[in-house]
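Heads up: the structure comes next, in structure tokens.
Laboratory data are not the source of any read-out in this text; all were calculated from the coordinates shown. Small disclaimer: the values here were computed from a predicted structure and weren't measured. Note that each Cβ is placed from the backbone with ideal geometry, even for glycine, and that neighbours are counted across all protein chains shown.
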Amino acid sequence: MLKKSFVFQRLPMFSSHSLKRFSVPISYASPGAQVTTEQPPSRVGFLGIGIMGSPMAHNLLKAGIDLTVWNRTKTKCDPLITLGAKYKASPEEVAASCDITFAMLADPQSAVDVACGKHGAANGLGPGKGYVDVSTVDGDTSKLISGRIKSSGASFLEAPVSGSKKPAEDGQLIFLTAGDRNLYETVGPLLDIMGKSKFYLGDVGQGAAMKLVVNMIMGSMMASFSEGLLLSEKVGLDPNVLVKVVSQGAISAPMYSTKGPSMIQSNYPTAFPLKHQQKDLRLALGLAESVSQPIPIAAAANELYKVAKSQGLSDHDFSAVIEALKSKFQHSENQ
Ligand SMILES: NC(=O)C1=CN([C@@H]2O[C@H](COP(=O)(O)OP(=O)(O)OC[C@H]3O[C@@H](n4cnc5c(N)ncnc54)[C@H](OP(=O)(O)O)[C@@H]3O)[C@@H](O)[C@H]2O)C=CC1
Ligand SMILES: O=CCCC(=O)O
């Protein structure tokens, strides 16, 4: 991937109130890469070093960004610190020491806590700084965070991502952004390091809405795929062949080909935790409710993920939702 081999020149620090972009040539490790004169903001913070935050932060570091990290569980920062990242003891301190701060948190509550709580990022922000929340949350949560951030004088962008652990590692995420347009332009070079594309969707809440619609579809697709795998097996078909057939037709999706074989082995290595998929379905149901849009398929899928959670599968990959159908079958057979 040519565009991922940027080696950004180190420039003098921005003053804390300056976010303007420099027009300085950037050197690239790969010949033939597209040349740009955009220079990313020099001091970048990253809050939330989980499954997604870790590879995203790693890619920024690899690109030569001056990176400061924080995570509730500090040990998860250690590999990044070993690679040269700085560490601060609170979101407030990260935001105070950086021009741009990214946040990749689990859910609405943690996103609000980290942005707005005691020692939250907002306390360290001010005019000229930017806060980019890449967590998957609902629009109301995003607006709440935006209000608090902007009251500090800083700019706010919501930028949830489509793409899972592997795309995050490969810098192939899709950013679904909304909010401050100038901040979108400013952080564009950083988003390009972590992703393959970016959409600017308008006012705060629209990025969150797009993300929830996409994940609503994905959650229903996975539930339906699970039913298909189990039904094929019950009627004497080889589910591995089903995966191959599906992969060659109109309903082909990378998700089926990559997760199908391990699902058949009852193996669910976590890329996207099941608890987060259920959270997204729950938030999508709220979004649909707000505009009186019926989404019965997603509602049914949500129930299945809730059953899987009750079976202790929250931290497994969301493909473990198939287990909820297995136990249902066993239950009805035993009656
Ligand atoms: N995994 C995926 O494929 C994708 C996930 N997403 C979304 O990205 C976000 C992060 O997902 P992912 O990285 O997979 O999840 P993880 O569960 O791996 O990471 C969650 C992060 O949130 C932190 N956190 C949780 N609760 C709190 C809290 N109360 N206070 C402070 N920090 C907290 C965790 O800290 P700690 O380490 O201390 O627990 C961790 O850094 C979610 O919103 C998810 O829906 C979006 C696209 C793809
Ligand atoms: O929110 C998680 C999305 C996972 C994916 O897009 O593959």
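Laid out as a table, the results:
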| item | result |
| --- | --- |
| Efficiency of FRET between residue 87 and residue 233 - r from beta-carbon atoms, R0 45 angstrom, step 0.05 | 0.40 |
| Placed amide H near residue 195: partners under 5 Å, 5+ positions off or other chain | 173 |
| Whole-number percent relative contact order across the chain, with pairs defined as alpha carbons under 8 Å at least 6 apart | 13 percent |
| Calculated from backbone phi, Karplus (6.51, -1.76, 1.60) coupling profile of the range 140-148 in Hz, x at Gly/Pro | 5, 5, 5, 5, 4, 5, 4, x, 5 |
| Reduced Cα scattering model of the range 40-203, Debye log10 I(q)/I(0), q = 0.14, 0.15 Å⁻¹ | -0.58, -0.68 |
| Nearby lysines by direct alpha-carbon distance to residue 326 (threshold 26 angstrom, same-chain neighbours under 8 apart not counted) | 234, 244, 259, 275, 279, 306, 309 |
| Nearest-0.05 FRET efficiency for residue 166 and residue 240, computed from C-beta distance (R0 22 Å) | 0.55 |
| Estimated vicinal HN-Hα couplings, Hz - the range 199-204 in sequence order (Karplus 6.51, -1.76, 1.60; Gly, Pro = x) | 10, 9, 10, x, 6, 3 |
| Measure of compaction for the range 209-334 (Cα Rg per 2.2 N^0.38 Å) | 1.05 |
| Over the chain: helical MRE at 222 nm, DSSP H runs n ≥ 4 each giving -39500 (n - 2.57), nearest 500 | -14500 deg cm²/dmol |
| Segments 286-292, 132-138, 252-258, 113-119 sorted - mean Cβ within 10 Å per residue, highest first | 132-138, 113-119, 252-258, 286-292 |
| Label-point separation, residue 74 to residue 270 (7 Å along Cα→Cβ), nm | 2.3 nm |
| For residue 270, residues with placed amide H under 5 Å, excluding near neighbours | 317 |
| Amide H contacts of residue 72 (H built 1.01 Å from N, under 5 Å, at least 5 apart or other chain) | 48, 49 |
| Under the Karplus curve 6.51 cos²θ - 1.76 cosθ + 1.60, θ = phi - 60°, whole-Hz ³J(HN,Hα) for the range 107-117, x wherever Gly or Pro sits | 7, x, 4, 6, 5, 5, 4, 6, 7, 10, x |
